[in-house]
Amino acid sequence: GDSVTQMEGPVTLSEEAFLTINCTYTATGYPSLFWYVQYPGEGLQLLLKATKADDKGSNKGFEATYRKETTSFHLEKGSVQVSDSAVYFCALSKAAGNKLTFGGGTRVLVKP
Amino acid sequence: DAGVIQSPRHEVTEMGQEVTLRCKPISGHNSLFWYRQTMMRGLELLIYFNNNVPIDDSGMPEDRFSAKMPNASFSTLKIQPSEPRDSAVYFCASSFSGRNTGELFFGEGSRLTVL
């Protein structure tokens, strides 16, 4: 079946450092790919998405490019802030109705 | 507009008791999802509904779990009897399936502790 694998955390960074979180997927067909973010005590919210190969999703300084040849969707941000401390989830969707398959989540802690 | 509303936010109960979690999706959304989040297993999809009809309940762990959606604005997830291993955060999410954007709107979750 479909699956998403992302790097385990926690990832601890200093403010203004470069962040990258690796995500790879296994799926038949052509899934859409997503990054969701979960801030402490809250539910998940969509951060960015890409619906076809070579698409780049971006939001709030975060970027991820859909790489079909490597089945990857790595998340990057050039200069993180303390407010970026959260858990980040990579996900894919193939089915109609927006059913998502999530990775295990990566906790990021940014220190001042 | 109000987001997805879940209740209770926190529930502490004893093993063997019945637990009912409630969810009000965003008005106009026609898909509803129940997820469970634990440290060990991450986010697991338990069940999802489309137009109030259960479409996929393969993630429901066992017969102790049941979910209903009697109308477009309300869903419940019931655990009877509860066990300590059911302790988790349960999230409800909704979306409009007609757009197929992959964007789910999550509630703030119900944290369940079974002693």
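Counting other Cβ atoms within 10 Å, which trypsin sites (Lys or Arg not before Pro) in the range B:19-115 have at most 13 and lie in a DSSP loop?
Sites meeting the loop and neighbour criteria: B:R41, B:R99.
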Of the options A:W35, B:S27, A:G103, report the single residue whose Cα projects farthest towards the positive end of the charge dipole of the protein assembly as shown (beta-carbon charges: Lys, Arg +1; Asp, Glu -1).
-> B:S27
Looking only at other chains, what is the average number of their beta-carbon atoms within 10 angstrom of each beta-carbon in A:42-48?
-> 6
Nearest-20 debye value, chain A charge dipole, Cβ charges on Lys, Arg, Asp, Glu | 280 debye
Starting from the Cα of A:K77, draw a straight line to each of the aspartates and glutamates and keep only those under 12 Å, dropping any in the same chain fewer than 8 residues away.
-> A:E15, A:E16, A:E63
Taking B:K68 as the anchor, which aspartates and glutamates have their alpha carbon closer than 17 Å to its alpha carbon, excluding any fewer than eight residues away along the same chain?
-> B:E18, B:D56, B:D57
Filtering chymotrypsin sites (Phe, Trp or Tyr not before Pro) in the range A:1-76 by DSSP loop and by at most 14 other Cβ atoms within 10 Å leaves A:F18
Straight distance only, please: which aspartates and glutamates reach the Cα of A:K94 with their own Cα at less than 12 Å, same-chain residues fewer than 8 apart left out?
-> A:D2
Simple spin-label estimate for A:K52 and A:F18 in nanometres, 7 Å along Cα-Cβ | 3.0 nm
Just how large is the dipole of the range A:1-61 about the Cα centre, in debye to the nearest 20, putting +1 at every Lys and Arg Cβ and -1 at every Asp and Glu Cβ?
-> 220 debye
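Give me the dipole magnitude in Debye, nearest 20, for the protein assembly as shown about the Cα centre, with unit charges on the beta carbon: positive for Lys and Arg, negative for Asp and Glu. Don't jump to the answer; show the numbers that get you there.
Details: 22 positive and 24 negative charges, 62 e Å.
Dipole of the protein assembly as shown, to the nearest 20 debye: 300 debye.
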Inter-probe distance in nm under a simple model that places probes 7 Å from Cα toward Cβ, at B:E18 and B:N52 | 2.2 nm
Restraint check, A:K68/B:K24; B:K24/B:K78; A:K56/A:K99; A:K52/B:K24, Cα-Cα greater than 26 Å = A:K68/B:K24; A:K52/B:K24
Enter the Cα centre distance for the pair the range A:40-112 and the range B:1-75, rounded to the nearest angstrom.
-> 24 Å
Could you tell me which of rounded, prolate or oblate describes chain B, using a ≥ b ≥ c as the square roots of the eigenvalues of the alpha-carbon gyration tensor, with rounded for a/c under 1.5 and, failing that, prolate when a/b is larger than b/c and oblate otherwise?
-> prolate
Neighbour-limited loop hits for GluC sites (Glu not before Pro), the range B:32-115 (at most 10 other Cβ within 10 Å; DSSP other than H, G, I, E, B) | B:E62
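Laboratory data are not the source of any read-out in this text; all were calculated from the coordinates shown. Quick caveat, the model's predicted, so the values are computed rather than measured. Virtual Cβ from ideal backbone geometry, glycine too; neighbours counted across all protein chains shown.
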